[in-house]
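What follows is a short report on a single structure.
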Amino acid sequence: MSYPPELKSLIRFVEKTRPQRVERARRGESYPALTLAERQDRLTRFHPDYRAEAKRALSVGSNKGDRLPIELADLLESHSRLDLDEVRLDRVDVDTDVLIIGAGGAGTAAALEAVQAGASVTVATKLRHGDANTVMAEGGIQGATAEADSPCYHYIDAMGGGHFSNAPDLVEALVKDAPVAIEWLERLGVLFDKYPDGRMKVRHGGGTSRKRLHSCGDMTGAEIMRVLRDEARNRPGIRMLEFTPALELLLDERGQCAGAVLLNLETRELYIVRAKAVILSTGGLGRLHIQGFPCTNHYGATADGLVMAYRAGIKTCFLDSTQFHPTGAIYPEQNAGLLITEKVRGLGAHLLNRSGEEFLFALEPRDVASACIIRECSEQGLGVATPAGRSGVWLDSPMIELLHGEGTVRRELGAKYLQFQRFGIDISREPMLVYPTLHYQNGGLVIGVNGETSIPGLLAAGEVSGGVHGKNRLMGNSLLDIVVFGRRAGLAAAAYAREAGAPKALSLDHVRSFERELTEAGISDGKVGPMLLPNYAPEHIRARRVAMHVP
Amino acid sequence: MSNDNDSNGSKNKEKLIPVQIMGRLYDVPESLTIMKAVEYAGYQYVRGCGCRGGICGACGTFYRLPGDYQLMTGLACQTVVQPGMMIMQLPYVPANRPNYDVEAFDGNGVAGANGALHESVRRLFPEVYRCVGCATCSRTCPMGIDVMDYVALIGRGELAKAADLSFSCVMCGLCAIRCPAEISQHTAAMYVRRLAGRYLTPKAEHLTRRVAEVQAGRFDGKLAQLKAMKRDELTSLYTNREREPDLSEPGQWKPKDAAWL
Ligand SMILES: Cc1cc2nc3c(=O)[nH]c(=O)nc-3n(C[C@H](O)[C@H](O)[C@H](O)COP(=O)(O)OP(=O)(O)OC[C@H]3O[C@@H](n4cnc5c(N)ncnc54)[C@H](O)[C@@H]3O)c2cc1C
Ligand code: FES
């Protein structure tokens, strides 16, 4: 397929400015970073989060009045999928110490710690074990492990990246546990990129003051996920239920969390799980396609955990800010939305407009970089148009070969190289076309340093939780988040399960009272949640489905 | 990763081509991947769809093209449809995977351990030695990995090399389904990579030191200080912080300001 002639001719502008840009990069010079005031200007005028008409106020629940993206607000105010009069809670199918909902990185790390601490563990997950956002992380995991770095600089960077809105206790836990978490992974056999003497290779990510990003090729998340999954499979104490998402949490007579109602996606059976402690680790919301943006997330990223927890009265934070990754592919069309890891810019690639000129410091924090790209393609009118009608900017990957030597792109970005080579584009010779894409749920459920929520016995970890990253997450802090807080939650849940007695009466009363609130607020549109799976059937198919009752 | 919800592309005008999804004929836009074509036809995935980005291995697919006897393989989310394509996606791959304890060996991070490690691979995955050298696995691999080569390396006990060669495996299991010697290549390689990560790669000493420092509480006071800081003060620290040069030598760079080290 390769690039059509009109794009090829535009690539010439990129090639023309490249030698000087590489020279400047070699001298350690970069495009000037924006001041804090300029950042604010770009964000308010161009970042999708700041579009008032794309949000609405919640009318029920513990965040009543908060303005959230409409797609999310609709789901948080959706009705239960359960027929509350029909569900039988006296027939318990699984009894367990700890129930973990969602088997991505956070859930699996939690399972390993909980079982190690002596708890019996049941994990319910929607797709296969590890079909998750975790497996998709490419760039790396942060941790202040090098001599010139310290958890303090990591703290400063994370707070600044989050515009100082992060919860300080959570950030402290994150940065202090980081070296411990990375060593834990090393011990489990994760193949980190290392020098021959064992020193970790580290790089910059957007908004870091020290080179602190540890990686496993460009498959960091995949490597971490497959190792954690492999280890979980070695542990007979972990019972894994795949294709079995949770539909609702269960509370008990004391108001503590006591299990969940699960659905076998294939037989449509409901299972009742009674647990002494429950960890929610259901990940993010990319598949809600907020404001119609394409997304980088896996198929199951549909905000289910938020929906279930909101019904139980858990407060959320920072869900008004969603992370748009500045560099989603827009060409070829088959790759649209596909993440181009920040590592590409970490390795020195510039972002360039239609004239082949730089217009921002490539490693600005993600929200700022996204806003700058949107500005370049709108107000500045310097975007590059694709044949399918998208608009974007160049990401000059061939620079990497000049800066770090021939073959670096294939070695360091092997998976990405292959994804483009399939369509006849050699990214070590030709730049990529990119535009911001919906990437990460910055906020989530309010948690404490061990993942605890306001309901005893209910914990949360990973992307479903909020506060660690405030309004904006830095690259590499999320893989770290899931390992650090996944492990903490696993340990805390096991400890809680030891102390707390077994729940007696299971109850869905919290869902009933939430339904009452919905009725009182006049919400009766029949929308149900959690979403579980996105529906990508085209209009003409949906139109033919209407004349039938689907049980 | 676009789809009908999130594409601003020109799907309506696009040419439709016929494909057979498990034997039933559908017309789908010619630029779609198999995964999006299946959804375009009206299916909603439960199995066979994970990351939608070519890395989770959930969507291993077999297909044939008209007039061609060959059985082809690909990842549904990465392979573009072709006219007349006959498509079958794998919902599940049964694989041989014994349990093991990767902590069972001495000598964390030293290369000398290879003998004992090799012995354990032989014990756990004896079928690796049944390889008949047909190279079907290598031809099958949607990631373009030379699977047969790493199987041979495992057989010879060159575990670090096998780990390296199999690194980009997405564990779709297509190789194991096709293997006439009934090897589960991907699970054997998983074990070998973990051994390589733990025993055949030197440990990062700076990491071990840093963990000891953290555990001794070396940063506790300073972090408490940062946490207590007023927003302006922290903002000024942030804006004035020194940035390590991109091309600094590993472990060599000395910051001017060491106040928070
Ligand atoms: C393309 C991409 C690249 C990224 N790159 C990086 C990076 O380089 N560095 C970094 O630090 N971070 C990165 N991230 C972010 C990071 O990978 C994720 O935020 C993190 O892995 C989330 O982990 P998690 O365990 O919380 O959620 P996930 O890994 O998404 O796991 C959640 C699991 O819960 C399941 N689930 C959902 N709903 C239910 C339900 N109702 N019942 C049961 N199970 C359910 C899901 O199917 C999934 O398996 C990236 C993310 C993406 C998408
Ligand atoms: S869906 Fe993950 S590889 Fe295709």
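Worth a mention:
- CD proxy at 222 nm, helix term only [per DSSP H run n ≥ 4: -39500 (n - 2.57); per residue of chain B; nearest 500]: -9500 deg cm²/dmol
- Phi angles across region A:49-60 convert, under the Karplus curve 6.51 cos²θ - 1.76 cosθ + 1.60 with θ = phi - 60°, into 3J(HN,Hα) values of 4, 8, 7, 4, 6, 8, 10, 8, 7, 6, 9, 9 Hz, Gly and Pro given as x.
- Square roots of 5 times each gyration tensor eigenvalue, C-alpha, region B:93-230, largest first, Å: 39, 18, 12
- Region B:93-230 - percent relative contact order, Cα under 8 Å, separation 6 or more: 31
- Qualifying lysines (Cα of each under 21 Å from Cα of B:Lys15; at least 8 residues distant if same chain): B:Lys36
- Summed residue charge, Cβ within 15 Å of A:Ser378's Cβ, Lys/Arg positive, Asp/Glu negative: +3
- Think of region B:93-230 as having a plus end and a minus end, set by charges on the Cβ of Lys, Arg, Asp and Glu; of B:Ala228, B:Leu159, B:Asn99, B:Ala228 sits farthest toward the positive end of this dipole.
- Residues of region A:334-376 buried by at least 20 Å² of accessible area upon assembly of all protein chains, compared with the chain on its own (1.4 Å probe): A:Gln334, A:Ala336, A:Leu338, A:Phe361.
- Surface share of carbon and sulfur [accessible, 1.4 angstrom probe, percent] for region B:104-225: 52
- Here the Kirkwood formula, the inverse mean of 1/r across different C-alpha pairs, assigns region B:16-89 a hydrodynamic radius of 12.1 Å.
- Other residues within the sphere of radius under 12 Å centred on the Cβ of B:Gln252, judged by their own Cβ, net out at 0 (K and R +1, D and E -1).
- Taking the Cα centre of region A:27-132 as reference, the dipole from Cβ charges on Lys and Arg (+1) and Asp and Glu (-1) amounts to some 580 debye.
- Shape parameters for region B:150-261, alpha-carbon atoms, Rg then Dmax in Å: 23.1, 68
- Reduced Cα scattering model of region A:115-264, Debye log10 I(q)/I(0), q = 0.13, 0.22 Å⁻¹: -0.78, -1.30
- Pair-distance profile P(r), taking every C-alpha pair of region B:198-261, with 10 angstrom steps and integer %: 15, 34, 37, 11, 2
- Averaged over A:81-91, number of beta-carbon atoms from partner chains that fall within 10 Å: 0
- By the Cβ rule of 4.7 Å, chain B holds the following cysteines without a possible disulfide partner: B:Cys49, B:Cys59, B:Cys77, B:Cys131, B:Cys134, B:Cys141, B:Cys169, B:Cys172, B:Cys179.
- Taking every alpha-carbon pair in chain B and binning the separations at 10 Å intervals from zero gives 6, 21, 20, 17, 19, 13, 4, 0 percent.
- Exposure rule at most 11 other beta-carbon atoms within 10 Å, DSSP loop trypsin sites (Lys or Arg not before Pro): chain B longest free segment: B:16-229
- With at most 16 neighbouring Cβ atoms within 10 Å, loop GluC sites (Glu not before Pro) (DSSP) excluded, longest segment of chain B: B:104-181
- Of the cross-linked pairs A:Lys201/A:Lys416; A:Lys126/A:Lys471; A:Lys126/A:Lys176; A:Lys126/A:Lys276; A:Lys176/B:Lys227; A:Lys194/B:Lys254, those separated by over 23 Å at the C-alpha level are A:Lys126/A:Lys471; A:Lys126/A:Lys176.
- Loop trypsin sites (Lys or Arg not before Pro), region A:210-269, which have at most 15 other Cβ atoms in a 10 Å radius of their Cβ (DSSP): A:Arg254, A:Arg268
- Chain A, relative contact order in percent, only Cα pairs under 8 angstrom and at least six apart counted: 25
- Unit charges on C-beta of K, R, D, E only; dipole of the protein assembly as shown, Debye: 800
- Against the compact-protein benchmark of 2.2 N^0.38 Å, the Cα-based radius of gyration of the protein assembly as shown scales to 0.91.
- Length-normalised contact order of region B:16-89 in % [C-alpha pairs under 8 Å, at least 6 apart]: 40
- Mean ellipticity per residue at 222 nm, deg cm²/dmol - from DSSP H runs of n ≥ 4 across chain A, formula -39500 (n - 2.57): -10000 deg cm²/dmol
- Environment charge at A:Val528 (Cβ cut-off 13 Å; Lys +1, Arg +1, Asp -1, Glu -1): -4
- List of region A:164-179 residues, accessible area with partners at least 40 Å² below that of the chain alone (1.4 Å probe): A:Phe164, A:Glu172, A:Lys176, A:Pro179
The values are calculated or read from the model by the stated rules, or taken from the named source; none is laboratory data. Here the structure is a predicted model, which is why all the values come from computation and not from measurement. A quick note on method: Cβ atoms are made from the backbone with ideal geometry, for glycine too, and the neighbour counts reach across all protein chains shown. When the accessible area is computed, the model is the full protein with side chains, heavy atoms only, and any ligands, DNA or RNA have been set aside. Shrake-Rupley method; radii C 1.70, N 1.55, O 1.52, S 1.80 Å.
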